[in-house]
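Peer 1: Following this message is one structure expressed as structure tokens.
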Amino acid sequence: MSTKPKDWVFTDPRLKELRQDYAAYTEEDFNVWKILFERQMPNLPKAASKAYLEGVKAVKFNADCIANFEELNGVLTKTTGWAVHVVPGLIDDDLFFGLLNNRRFPSSTWLRKMDQLDYLEEPDMFHDAFAHMPLLTNQHYVDFLENLSGIALKHINDPWAIQLLSRIYWFTIEFGLIREEGVLRIYGAGILSSAGETKFSLSDQPKHFPYDVRQILNTEYWKDHFQDKYFVIDSYEQLFNSLPVIEEVLEEMLAEKETRG
Ligand SMILES: [Fe+2]
């Protein structure tokens, strides 16, 4: 068990202090945000989870203004105690989970260019902000994220454990679906920032399974094309309540690997 204080991540030399330089956004940046916003938002009232749609209102995202992290943090701090933490792009797993475990959501501040509207090598702030941040206003959702990251930190030196926990993160936070009043809706940010996958994930082409920790821990995911399986939760509380099961099944799978050698 680590004896590090929980907030070790803030003094880690790899985590440079960065801020969103709002004045530096160009006309192209504003246009990219507007095009992506106007293209995706009309699809969402019938497709996205209510918690997401309420979150968009609460954080006041709109087509004309690129998300402003200072304003956003004002809202998040008041609603769930979370905040955005600016990072340069993809960061090491321990920093990533370390920030989440301290209720800080890592986000980039750069936007894709006009000729990259549909394809990106790594997530830009349209994905990080538009797709992730509205849900940071939901308490069960953020409590799940904080504690899932706590489990990851306990196993941070075991690549197999991190790979297994990434499956949970992937099939919930990035590609999760929820059933609300009998209707399938999206809460996964990887889907919410993709017009194509928004349509695809709710269609009858992929398989939809009920949320099952053991099945997810045994399911590989795709990074380069749409998922062929999605897992459906009944509520955000269900995610939070599944944390002890995640730990239990994970320990079991790690022990199995140990015995097999
Ligand atoms: Fe993401």
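The values are calculated or read from the model by the stated rules, or taken from the named source; none is laboratory data. Just so you know, these numbers come straight off a predicted model, no measurement behind them. Neighbour counts run over all protein chains shown; Cβ positions are idealised from the backbone, glycine included. Surface areas here come from the heavy atoms of the whole protein model, side chains and all, with no ligands, DNA or RNA. Shrake-Rupley method; radii C 1.70, N 1.55, O 1.52, S 1.80 Å.
Peer 1: How many residues are part of a helix (DSSP H, G or I) and either open to solvent by less than 10 Å² (accessible area, probe 1.4 Å) or within 18 Å of VAL245 (Cα to Cα) (or both) if we restrict to the stretch 199-217?
Peer 2: Qualifying residue count for the region: 6.
Peer 1: Here is a further query. What is the one condition in (1) farther than 22 Å from SER149 by Cα; (2) outside any loop (DSSP other than H, G, I, E, B) that PRO45 does not satisfy?
Peer 2: PRO45 satisfies every listed condition except (2).
Peer 1: Identify, please: which residue in the stretch 191-227 is modelled with pLDDT of 95 or more and in contact with a Pro (Cβ under 9 Å, 6 or more places away or on another chain) and is, among those, farthest from the ligand (Cβ to nearest atom)?
Peer 2: Step by step, filter the stretch 191-227, then rank; the result is PHE200.
Peer 1: I'd like the full set of residues that are open to solvent by 30 Å² or more (accessible area, probe 1.4 Å) and more than 14 Å from ASP143 (Cα to Cα), limited to the stretch 78-102.
Peer 2: Correct list: LYS78, HIS85, PRO88, LEU90, ILE91, ASP92, ASP93, ASP94, PHE96.
Peer 1: Let me ask another. Please work out which residue is nearest to the ligand (Cβ to nearest atom), limiting yourself to the stretch 166-183 and to residues that are closer than 15 Å to PHE96 by Cβ and hydroxyl-bearing (Ser, Thr, Tyr).
Peer 2: Residue satisfying both the conditions and the ranking: TYR169.
Peer 1: Still on this model: If you go through the stretch 220-245, how many residues are assigned to a loop (DSSP other than H, G, I, E, B) and surrounded by fewer than 16 Cβ atoms within 10 Å (Cβ to Cβ)?
Peer 2: The qualifying residues number 8.
Peer 1: Something else about it: Identify the single condition in (1) without any contact (Cβ under 8 Å) to a residue 60 or more places away in the chain; (2) touching a Leu at 6+ places or on another chain (Cβ under 7 Å); (3) of a type outside the set (S, T, N, Q); (4) open to solvent by 30 Å² or more (accessible area, probe 1.4 Å) that VAL249 does not satisfy, given that it satisfies every other one.
Peer 2: Single failed check for VAL249: (4).
Peer 1: I'm trying to understand the selection: among the residues of the stretch 159-181, which are touching a residue at least 60 places away in the same chain (Cβ under 8 Å) and either among the acidic types (Asp, Glu) or in contact with a strand residue (DSSP E or B) (Cβ under 6 Å, 6 or more places away or on another chain) (or both)?
Peer 2: PHE171, ILE178, GLU180
Peer 1: Another question, if that's okay. Those residues that are open to solvent by 40 Å² or more (accessible area, probe 1.4 Å), not aromatic (Phe, Trp, Tyr) and not in a loop (DSSP other than H, G, I, E, B), I need them from the stretch 22-40; list them, please.
Peer 2: Matches in the stretch 22-40: ALA23, ALA24, GLU27, GLU28, ASN31, LYS34, ILE35, GLU38, ARG39.
Peer 1: While we're looking at this one, here's another question. Conditions: (1) over 27 Å from ILE162 (Cβ atoms); (2) in contact (Cβ under 8 Å) with a residue 12 or more places away in the chain. LYS78 meets all but one. Number of the miss?
Peer 2: Every condition holds for LYS78 apart from (2).
Peer 1: Return only the number of the condition from (1) in a helix (DSSP H, G or I); (2) surrounded by 23 or more Cβ atoms within 10 Å (Cβ to Cβ) that ILE178 does not satisfy.
Peer 2: If we test ILE178 against (1) in a helix (DSSP H, G or I); (2) surrounded by 23 or more Cβ atoms within 10 Å (Cβ to Cβ), just (1) comes out false.
Peer 1: Moving on to the next point. Look at the stretch 113-140 and say how many of its residues are away from the ligand (no atom under 14 Å from the Cβ) and assigned to a loop (DSSP other than H, G, I, E, B).
Peer 2: 5
Peer 1: Here is a further query. Please indicate, with yes or no, whether at least one residue in the stretch 112-131 is closer than 20 Å to HIS225 by Cα, in contact (Cβ under 8 Å) with a residue 24 or more places away in the chain and of a type in the set (Gly, Ala, Ser).
Peer 2: Scanning the stretch 112-131, I find at least one residue that is closer than 20 Å to HIS225 by Cα, in contact (Cβ under 8 Å) with a residue 24 or more places away in the chain and of a type in the set (Gly, Ala, Ser), so the answer is yes.
Peer 1: So ARG19 ticks every box in (1) open to solvent by less than 70 Å² (accessible area, probe 1.4 Å); (2) in a loop (DSSP other than H, G, I, E, B) but one. Which box is left unticked?
Peer 2: (1)
Peer 1: Does the stretch 103-111 include one or more residues that are farther than 22 Å from HIS140 by Cα, among the hydroxyl-bearing types (Ser, Thr, Tyr) and either open to solvent by less than 60 Å² (accessible area, probe 1.4 Å) or within 17 Å of the chain's Cα centre (by Cα) (or both)?
Peer 2: yes
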